[in-house]
Amino acid sequence: MFSLNGFKALVVGVANDQSIAWGCARALRAQGADLAITYLNEKAEPHVRPLAEELGAELILPLDVAQAGQLESVFARIDEKWGRLDTLVHAIAFCPRDDLHGRVVDCSAKGFSQAMDVSVHSFMRMVRLAEPLMPSGGTCMTVSFYGSEKVVEHYNIMGPVKAALESVTRYMAAELGPKGISVHALSPGPLATRAASGIDHFDELLALAAERAPTHALATIEDIGAYAAFLASHEARNVTGVVHPIDGGYQIIG
């Protein structure tokens, strides 16, 4: 069995105990990793801090990637505390409500820019800041969705945004592979998280996914966390640049 004892991991995106990031944080900690966990702002802190403390997180830090300097501050604290980083989990996304609920063709320039900045470019920035803290290699992960490659009703502009996220995952994996740094996108099927609840008719999407998946079951945050913990391990060091479906086989059904 693989172990993450002594590994240092940063998990970004915990909002509550239903978050994909929370499932990843718990799994990483269960395998022995030391954690740094971020929260979005003062409003989110009371929901996130108790969870982080439950896992004995050594760093609990504010992070709004849209605020200048906050991301750099997080990595500076990690460098000061640990001097290195082994694992990065990026599980954040955003799109203004009007653009999320509208047609792709009608998406505003501002809304598209915000969605790309928070959902995609922030991952690129995190990987760039993580690189010097991974001199002996490491693992960087983000979270995507099947709507990146197929049209999923009501997913709208987030489909093209996730497609971009998957593309930069592959390019960064190619660039950083010689340094032993792997880059992955986890792609769970639909599941009931706070972020997903903003999508129109999401309950219908959940029901359809459970009906169509060969397992007839939705993925859980525990499923995703277990997969993420394995990818963070030395045993997965020769796997990189992959979009990993964790969806009960939903993506194989035509």
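The values are calculated or read from the model by the stated rules, or taken from the named source; none is laboratory data. Quick caveat, the model's predicted, so the values are computed rather than measured. With ideal geometry, Cβ positions are generated from the backbone for all residues, glycine too; neighbour counts draw on all protein chains shown. Side chains included, ligands, DNA and RNA excluded: accessible areas come from the protein's heavy atoms. Shrake-Rupley method; radii C 1.70, N 1.55, O 1.52, S 1.80 Å.
Restricting attention to region 194-223, which residues are over 20 Å from CYS95 (Cβ atoms), of a type outside the set (D, E, K, R) and either open to solvent by 80 Å² or more (accessible area, probe 1.4 Å) or modelled with pLDDT of 80 or more (or both)? Reasoning before the result, please.
Step one: list which residues in region 194-223 are over 20 Å from CYS95 (Cβ atoms), which gives 207-223.
Now restrict to residues that are of a type outside the set (D, E, K, R): 207-210, 213-221.
Once the filter is applied, which keeps residues that are over 20 Å from CYS95 (Cβ atoms), of a type outside the set (D, E, K, R) and either open to solvent by 80 Å² or more (accessible area, probe 1.4 Å) or modelled with pLDDT of 80 or more (or both), region 194-223 yields ALA213, PRO214, THR215, HIS216, ALA217, LEU218, ALA219, THR220, ILE221.
Restricting to region 51-75, name every residue that is open to solvent by 60 Å² or more (accessible area, probe 1.4 Å), without any contact (Cβ under 8 Å) to a residue 12 or more places away in the chain and either part of a loop (DSSP other than H, G, I, E, B) or touching a Leu at 6+ places or on another chain (Cβ under 9 Å) (or both).
GLN67, ALA68, listed by residue number.
For region 232-241, which positions are crowded, with 16+ Cβ neighbours inside 10 Å and either in contact with a helix residue (DSSP H, G or I) (Cβ under 8 Å, 6 or more places away or on another chain) or closer than 13 Å to ALA25 by Cα (or both)? Write out each step before concluding.
Filtering region 232-241 for residues crowded, with 16+ Cβ neighbours inside 10 Å gives 232-233, 236, 240-241.
Correct list: ALA232, ALA236, THR240, GLY241.
Across region 203-251, what is the number of residues that are farther than 23 Å from LEU176 by Cβ, in a helix (DSSP H, G or I) and under 20 Å from the mean Cα position of the chain (by Cα)?
So the answer is 8.
Only one of GLY111, GLY102, GLY138, GLY180 is more than 19 Å from the chain's Cα centre (by Cα) and under 25 Å from LEU28 (Cα atoms). Can you tell me which?
Only one candidate passes the filter, namely GLY180.
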